[in-house]
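Structure record follows, encoded as structure tokens.
Values quoted throughout were computed directly from the atomic coordinates according to the rules given, and no laboratory measurement underlies them. This structure is a prediction, so every number in the text was calculated from the model and none was measured. Here Cβ is always computed from backbone atoms with ideal geometry, including for glycine, and neighbour counts include all displayed protein chains.
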Amino acid sequence: MSGARPLRPGQGAARLRSFMRDVAGRNGPRLVAILVEHLGCALDGVRFAGRVILGEVPLEQVEAAIAEIERRGDRLRQSLVAELSETIVTPLDREDLFRLSRSIDDVLDNIRDFVREWVLYRPASRRNLATVLVTLGEGVAVLAEGVGAVVSRPNEVGKSLLRAKQRANEVRRHFEVEVAALFGEELSIEVLKHRELIRRLDVVGLRFGEAVDVLFDALVKRGERFFQPIQPVQPAR
């Protein structure tokens, strides 16, 4: 008979979880790096849109430039799928990693549509569109920080996601305030143009919020180590 000691109840499961975390810790950085780069690509798209509405990019160059950013995002998504197919254990559920990549891709797609619509509509004013793009850029950057911390600094991920969600909510508030202001103006072609453009950015914000929610769901599935415990409020003396 073997001299190995019998495992206590639950000890085998604990060892298995420890092994899975160890394997995921070795494979995770590659997957996380791709997602962070994908978010960086989305951030490039948001910042490019900001430059376009400020008139810093010649209109005849806009289509080729945004198409190249979109193609770069597509290549990164393909890289993630290929990596997932070759990885046994992932830091988060593989379907959640795939959903996150798809949501990032949706952000990029709608930023592309916004840029194209700007060029097509040629609005007379950018009004508050630049403010919304700045808020979106901040949110994407914060989400990238959170994704980058999944393997190396898991306790910091939850805080980053809360900040990213706040930016998504700010985009929605920008949309509501701007539409309310438009309702107080006389109907014109310029008002209709602005309504379409601000609505497109609202859709970008919605897709971005979905990306944040996907990561929230993924973290809840994997356990409490991603969230800092809430300190109880001490009663006043």
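If packing is taken as the average number of other Cβ atoms within 10 Å across a peptide's residues, how do 126-136, 174-184 rank, most packed first?
126-136, 174-184
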Given a Förster distance of 30 Å, the FRET efficiency implied by the Cβ-Cβ spacing of Val89 and Glu156, rounded to the nearest 0.05, works out to 0.85
If neighbour count is taken as other Cβ atoms inside 10 Å, put Lys165, Lys221 in order from fewest to most. Lys221, Lys165
Between Asp213 and Leu192, what is the label-to-label distance in nm when each label sits 7 Å out along the Cα-to-Cβ direction? 3.2
Give me Asp105, Asp213 ranked fewest to most by other Cβ atoms within 10 Å of their Cβ, as a rough exposure proxy. Asp213, Asp105
